[in-house]
1. Quick one: in the range 312-326, of everything that is crowded, with 16+ Cβ neighbours inside 10 Å and out of contact with any strand residue (DSSP E or B) (no Cβ under 9 Å at 6 or more places or on another chain), which residue is farthest from ILE424 (Cα to Cα)?
2. Might you let me know whether the range 196-204 holds any residue that is part of a helix (DSSP H, G or I), within 17 Å of the chain's Cα centre (by Cα), over 22 Å from PRO25 (Cα atoms) and in the same structural domain as GLY119 (by TED's automatic domain parsing)?
3. Check ARG228, ARG251 and return the single one that is within 27 Å of LEU308 (Cβ to Cβ) and among the charged types (D, E, K, R).
4. What pairs can you find where one residue is in the range 134-146 and farther than 14 Å from HIS263 by Cα, the other is part of a loop (DSSP other than H, G, I, E, B) and among the β-branched types (Val, Ile, Thr), and their Cβ atoms are less than 9 Å apart, with a gap of 6+ or different chains?
5. Here's a check for you: in the range 51-96, which residue that is touching a residue at least 12 places away in the same chain (Cβ under 8 Å) and among the charged types (D, E, K, R) is nearest to LEU205 (Cα to Cα)?
6. Go through the range 48-61 and give me each residue that's in a strand (DSSP E or B) and among the charged types (D, E, K, R).
7. Does the range 359-374 hold any residues that are over 19 Å from LEU302 (Cβ atoms), of a type outside the set (Asp, Glu) and modelled with pLDDT of 80 or more, and which are they?
8. Scanning for something closer than 18 Å to GLU346 by Cβ, over 34 Å from the mean Cα position of the chain (by Cα) and surrounded by 14 or more Cβ atoms within 10 Å (Cβ to Cβ), does the range 383-403 turn up at least one residue?
Amino acid sequence: MDCPKQRTLGGEKTLEGIGVHSGEPSALTMKPADSGGIRFRRTDLEGHPEVPADLEHVVGTDLGTSIGTGDVTVMTVEHVMAALSASCIDNAVLELTGPEPPILDGSFQGYFEAISEVGAVELDELTEILGVTKALTVNLGTGASYVVSPADDLRISATIDFEHATIGRQYGTFDVTEDAFRNEIAPARTFGFHRDAEELQARGLAKGASLENTVVLNDDGLMNDSLRFDDEFLRHKIGDLIGDLALAGGRVRGHVVSERPSHEGNIALAKALKDHTRKGGSKYPVDVARIMEYLPHRYPFLLVDRILEFESGERIVGIKNVTINEPFFQGHFPGHPIMPGVLIIEAMAQVGGLLLMDTVEDPKDKVVYFMSLDNVKWRKPVIPGDQLVFEVKMVQFRRNVCKIRGIGRVDDKVVAEADLMARIVDR
C-alpha cells in the first residue's frame, strides 16, 4: 500500500447492529481526526472516555481482540481496524454506543465500504514504517508461528488446520493492497462451531452470533446456505491478522508467513515488529518520497531511489537505477554513455548520509557535509540499464564526525569503492 503520508476519513459514517460476543445493540460512528491515531470513544458512558487502539491497550485476545483502559473496554476491534488499515486510515475517532462494534454480516466488508464511501484525506505527517531488515520469527506454545521477511509492501501467507471436513488444512497468499482487500478479504465472514455455542455463551461470548453474521459448522457440515469463497475461513483469519497488526500503528511492510494464526499470536507478532522498529530494525524511509524528507538534494542531484536494508548505526543498503534519461548522459560521452565516476561516489555519499542521519535526534534539521575521500577506486563502467547497489558501513563516529566505507555493485560485481569522512551540522 503506497501511502507515504498519514490519512484520515473524508467524512462521517454510522453503522448499527449487534455485538457478536456481547449480544448488545450498538452504533459506531467513524469521524475524521487530524492526529492522535485511531481511538474509540464510548459515548454510552459518563464523560465519553476514550480508548486508544494500540498495542499498549490490548486487554484480551479470546476469540477476538479487546482493548481497554481502566474499567473501560471495547471488544472485538479487529474487523473495523482491518478495514481502516487496508484503506490507509491512520487517524480517526470511532464513537461507540456500546461495549463492542456491530458485527454487521460477520465480515470486514461493511466497514470497508463505509470508509470507501466517505473517502480519505491526506495529512502532512509521514506514516511510520514497521518492517524488518532480516527474518523475524515469533513462535507461541499454542502452535501459532510467524516469520516476517523483508518486502516493500505487505504480503501475507497463512495456513490454517481444523479437524473438520469442511475446513481441513487451507493455505493462501495475498498481497494486501486496497483493491485486493476489497475483492479477496473483505467479504470473508467470521466462523464458529455449533458444538461450542453453549460453552461460549456461558463464558459471556458469542451471545450475538447467528447465521446472519457467522459461518456456523456442525458435525454434518455447513449450517449456512453457502460459502463466499471455498477458503473463506482462511481469508477471514488473514483479515483478522491485518486488523490486529493495525494496532501497531503505521504501515507494516514485509512478507508475513503464518502457521495457525490466532489473535494472541497476531498481537505477539505486532509487538515484536514494534520492538524491532524501536531498536532500529527498519524505521528508515524506503522509497524516494521518504528519502526526500531527510536529504536536501532534489532532481537532478538526488541520486538515491530506494533504501533496501538498514541497521541503525551500523550499515545501510541503497539503490540508484541508472536510465538513459539521466541528464548527465546528454554531455558525458553521448555516443557511448557512461555514468560519471564522481556521480557514482556522490550517490554512495548520499546513501551514507542517510545512515548518518539516524545518529541525530532531529535529522530534518541537520545536513551532512563530506570532508574527505580516500582510497577511491572505480572498477567497471556503469551504463544505462544498470542498477547500482551501495552498501555503506560505519567505521567510526565521534562528535558528529564520522568515517564510513562504501562499496557500489552492479550485478554483484564491484564497480566502485571509497572511504569517506563527513560532519553532521545544522541546516
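The values are calculated or read from the model by the stated rules, or taken from the named source; none is laboratory data. Bear in mind the structure is a predicted one, so any value in this text is a computation, not a measurement. For neighbour counting, all protein chains shown are included, and Cβ atoms are generated from backbone atoms with ideal geometry for every residue, glycine included.
1. GLU326
2. Looking through the range 196-204, none of the residues is part of a helix (DSSP H, G or I), within 17 Å of the chain's Cα centre (by Cα), over 22 Å from PRO25 (Cα atoms) and in the same structural domain as GLY119 (by TED's automatic domain parsing).
3. Numbers: ARG228 fails: within 27 Å of LEU308 (Cβ to Cβ).
Step by step, each of ARG228, ARG251 is checked, and only ARG251 is within 27 Å of LEU308 (Cβ to Cβ) and among the charged types (D, E, K, R).
4. Final answer for the pair search is none.
5. Step by step, filter the range 51-96, then rank; the result is ASP62.
6. First, the residues of the range 48-61 that are in a strand (DSSP E or B): 50-52, 58-60.
Selection gives GLU50 alone.
7. MET371, SER372, LEU373 - these are the residues of the range 359-374 that are over 19 Å from LEU302 (Cβ atoms), of a type outside the set (Asp, Glu) and modelled with pLDDT of 80 or more.
8. Yes - at least one qualifying residue is present in the range 383-403.
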